[in-house]
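A short worksheet on the structure shown next.
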Amino acid sequence: MKELLAKAKAIESQIAADRRYLHQIPEFGVSTPQTAAYVAQRLTEMGIANHPCGIHKPEDRQVAVLSGSPDTPHSTGVVGLIGKSGPCFLLRADMDGLPLTEETGLPYASQNGCMHACGHDAHAAMLLGAAQLLKDMEDQLPGQIKLMFQPGEEMGYGSRTMVEDGLLENPKVEAAMALHVWSETEAGKLRYCPTVTSGSMVTFYILIQGKGGHSSEPQKTIDPLMIANELSAALNLIIPREVDPDRFATLTVGVIRSGTASNIIPDTAEMAVSIRTLTPEIYEHLLKRVPEVVEGYVKAWRGDYKLYVHKTPGTVCDAALSEELKDYAGEILGTENVTVSPPMKGAEDFGWVSRCVPGFFGFLGAGGPRNYPMHNPRMTIDETALPLGAAVLANCAVEWLAAHKQQAVLDV
C-alpha cells in the first residue's frame, strides 16, 4: 500500500525526533525506565491504550548481575493495543542500549556512558511511527494490533519477561513480526530468513569454591584457579570432538577471574562460558554437556561450585508467514528489494516470541557497506530508513489482518 508509505513520509520528522530523543538516553538491561516512560507518553498522546509489562524473576536478576547489568526488581516493557476486535497481530520493537561509550560526534549523541549501537532507538521510533499510522486508520482495521516495546534484548531475555507477564494473551496474539535495522546494508533493502533466523546462545556462569592458602604449601589447598584452567581446556575440546564440523557452533571461555598475588593460592575463581549455534540439536547437546564436564572436573580436583545458566533460544521464523509478509513488505519497498539471506550467527531474543506464535523477522537496511558495523562505538544509521520501516510494519499488520479476517469468515 503505497499510500501508507506516503503517510509515513509525512510524519518522517516526528519519527526522527523520537529516534534522536531516545538516542540521547540509552539504558542497558531489562530496566529502561526513562525510555519506557517516553514510549508510554507518546502512545498516550496518540490516544493508544498502553500498560507496563514484564516480570523480573529472582533467578534472572542474579544472572543479570553476574553478566554486568545493574540489579533491578523491574522489567520495563510497554504494551499498546490498537483495534477493537478480531484477530490479533503483534509488532515488536526493542528499546535497550549497550554499555558502550559513544564516539559518533553526533549533536544528539549519548553522554551517559551507554549507546544505542544496535539501532534499538530506531526500532522504537519506527514502531511509534507505525502506531500513529495504524491509530489513524483504527476504524477500518479488520482486527487488533498489539505493540510490544521491550527492554533487555541485549540481555537475551527481555522479551521473555513480557511473555511471562501475559504479553501474548488478552487478546491472544496469532502472529508476530519484528524488524532490525542494519547499518551495513543500503537503506530500503530488506533481508529475511524464512526459518532459522538467528543463533541460539547459552552463557554458563561458574563460581568455583576452593581452599586458599600459601603457595609453598599447595598440599593444604584446593586450587580453584588450577581447576578453572583445567576446566577451560576440557570445555574447549567439546565442539571439535562432539559436534559435526559442517555445523556452526562456537564455545568461548570469555572470563576467568581469580587471585591477587603470586604467593597466594586463591580461595575462589569465576568463569563465564558462552556457546553459539544455529542448530537446535547442537544447542540441546551443549546445554547438557557443559554442566557434565563442569561437574566432572571440579569434583575431580575436590572443589565445589555453583553453576548459573542463562539461555536465549534461536529465533526460528514461520516459513508460511515469511512467504506471506515478504510480499507485504515488497509493496512498500519494491519486491526486488526484499530478499532471502543466510541466518545471523548472533542471538536475537525475539526467539522467545517466535517459539510461542508464528513469527517473521526482517533486517532493514539503514546505511551501506562503508558504515561502521553494529555494536561499534562509531555506528550510525541512515534516517531515511525510518519512515520505510514504519510503513513496512504498518502495511504487514494491516494486510495480515485483512487476509486472516477473510480466512476466519470462510472457515465459519
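The values are calculated or read from the model by the stated rules, or taken from the named source; none is laboratory data. Bear in mind that the values here come from a model prediction, so they are computed numbers and not experimental data. In this analysis, Cβ positions are derived from the backbone assuming ideal geometry, glycine residues included, and neighbour counts consider all displayed protein chains. With ligands, DNA and RNA removed, areas are computed over all heavy atoms of the protein, side chains included. Shrake-Rupley method; radii C 1.70, N 1.55, O 1.52, S 1.80 Å.
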Query raised in the report: What is the local net charge at H285, summed over the other residues whose Cβ is closer than 11 Å to its Cβ (Lys, Arg +1; Asp, Glu -1)?
Result: -2
Query raised in the report: Does anyone have the angle between helix 120-136 and the longest principal axis of the chain? Alpha-carbon axes, 0 to 90°, nearest 10?
Result: 30 degrees
Query raised in the report: Counting Lys and Arg as +1 and Asp and Glu as -1, each charge on the Cβ, what is the dipole of the chain about the Cα centre in debye, to the nearest 20?
Result: 440 debye
Report summary line: Taking alpha-carbon centroids only, the range 171-245 lies from the range 8-58 a number of Å equal to 30 Å
Report summary line: Taking the dipole of the chain about the Cα centre (Lys, Arg +1; Asp, Glu -1; charges at Cβ), the one of F28, F350, L81 that reaches farthest to the positive side is F28
Query raised in the report: Counting only protein heavy atoms and using a 1.4 Å probe, what share of the accessible area of the range 223-326 belongs to carbon plus sulfur, as a whole percent?
Result: 51 percent
Query raised in the report: To the nearest 10 degrees, how steeply does helix 33-45 sit against the main Cα axis of the chain, on a 0 to 90 scale?
Result: 10 degrees
Report summary line: Projected onto their principal axes, the Cα atoms of the range 94-179 stretch, largest extent first, over whole-Å spans of 45, 30, 17
Requested in this report: Please report, to two decimal places, log10 I(q)/I(0) for the range 192-260 at q = 0.20, 0.26 Å⁻¹ as given by the Debye formula with identical point scatterers on the Cα atoms and no solvent.
Outcome: -0.93, -1.22
Report summary line: Computed from the beta carbon distance with a Förster radius of 56 Å, FRET efficiency for E323 and Q219 to the nearest 0.05 stands at 0.25
Query raised in the report: Using a 1.4 angstrom probe and counting only protein chains, how large is the accessible area of R276 in Å², to 10?
Result: 70 Å²
Report summary line: Rg/Rh over Cα atoms for the range 1-133, Kirkwood Rh, comes to 1.00
Query - Where a label projected 7 Å from the Cα of R355 along Cα→Cβ would reach, residues of the range 308-334 with amide N under 12 Å - result: 310-316
Query raised in the report: Accessible area per residue, 1.4 Å probe, Å², for the chain: what's the number?
Result: 42 Å²
**Report entry** Average projected area [Cα convex hull, the range 145-205], square nanometres
**Finding:** 6.3 nm²
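Taking 8 Å as the Cα distance limit and 6 or more residues as the minimum spacing, I'd like the relative contact order of the range 1-122 as a percentage.
32 percent
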Report task. State the volume of the convex hull built on the alpha-carbon positions of the chain, expressed per residue in Å³ and rounded to an integer. Result -> 151 Å³
Report task. Could you tell me the distance between the Cα centroids of the range 79-101 and the range 366-397, to the nearest Å? Result -> 17 Å
Report summary line: Taking Cα atoms, the helix 280-300 axis meets the longest principal axis of the chain at an angle in degrees (rounded to 10) of 20 degrees
**Report entry** Residue of V196, V273, V293 that the Gaussian network model of the chain assigns the largest fluctuation, springs spanning Cα pairs under 10 Å
**Finding:** V293
Requested in this report: Roll a 1.4 angstrom probe over the protein heavy atoms and tell me the percent of accessible area of the range 140-204 that is carbon or sulfur.
Outcome: 45 percent
Query raised in the report: Where both partners of a DSSP beta bridge lie in the chain, what percent of those bridges are antiparallel, to the nearest 5?
Result: 65 percent
Query - More than 17 Å apart - percent of Cα-Cα pairs taken over the range 122-168 - result: 47 percent
Report task. Give me the net charge of T185's neighbourhood, meaning all other residues with Cβ under 13 Å from the Cβ of T185; Lys, Arg count +1, Asp, Glu -1. Result -> 0
